[in-house]
1. Taking Cα pairs under 8 Å and at least six residues apart, what relative contact order does the chain come out at, in percent?
2. Largest first and to the nearest Å, give the Cα extent of the stretch 1-49 along each principal axis.
3. Out of the trypsin sites (Lys or Arg not before Pro) in the stretch 1-106, which ones are loop residues according to DSSP with at most 10 other C-beta atoms within 10 Å?
4. Using Cα-only point scatterers and the Debye equation, what is log10 of I(q)/I(0) for the stretch 68-113 at each q in 0.25, 0.28 Å⁻¹, rounded to two decimals?
5. Using only Cα atoms, tell me the angle between helix 14-25 and the longest principal axis of the chain; keep it within 0 to 90° and round to the nearest 10.
6. Using +1 on the beta carbon of Lys and Arg, -1 on that of Asp and Glu, and nothing else charged, what's the dipole of the stretch 1-107 about the Cα centre, debye to 20?
7. For the chain, with the dipole built from +1 on Lys and Arg beta-carbon atoms and -1 on Asp and Glu ones, taken about the Cα centre, which of Tyr8, Thr41, Pro56 lies farthest toward the positive end?
8. So what is the diffusion coefficient of the stretch 6-119 in µm² per second by Stokes-Einstein at 4 °C and 1.567 mPa s, using a Kirkwood Rh over Cα pairs?
Amino acid sequence: MQKKAVIYHNPRCSKSRNSLMILKEHDISVVEIRYLEKPPTKQVLAELCQKMSVTPFEIVRTGEELFKELGLSKQDQKSDNEWLEILVANPKLIERPIVQIGNKVVMGRPPENILSILN
């Protein structure tokens, strides 16, 4: 039976494209979610973070210009829930790509990280 992966993906990002290529090279069926067009819900993001054992802040693109435009700082003392709300409202701030195969989830930065969840 062919494995299936879900990739939260931005086709303009080289890391996303390389991650997608790795999945296809390993004959994995891929569901692409272009998260800038169809952002994940707060619940989905919370589950992805939990499965990666990271806090929502750890998937925030703090170097993104939008991060500064929103007046955010790495020193902000926001709750996980507040960061999730910021990410859902501003999907451009979500680190990419996020790949899920079954219950395993990994950040494709670098894309080779995906290899750890293929087995």
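FYI, it's all coordinate maths here, none of it is from the lab. What you are looking at is a predicted structure, and each value in this text was computed from that prediction instead of being measured. Virtual Cβ from ideal backbone geometry, glycine too; neighbours counted across all protein chains shown.
1. 34
2. Each principal axis gives a Cα extent; for the stretch 1-49 these are 31, 28, 17 Å.
3. Arg12, Lys74
4. The computed values of log10 I(q)/I(0) come out as -0.99, -1.05.
5. 20
6. 360
7. After comparing all options, I get Tyr8.
8. The diffusion coefficient I find is 91 µm²/s.
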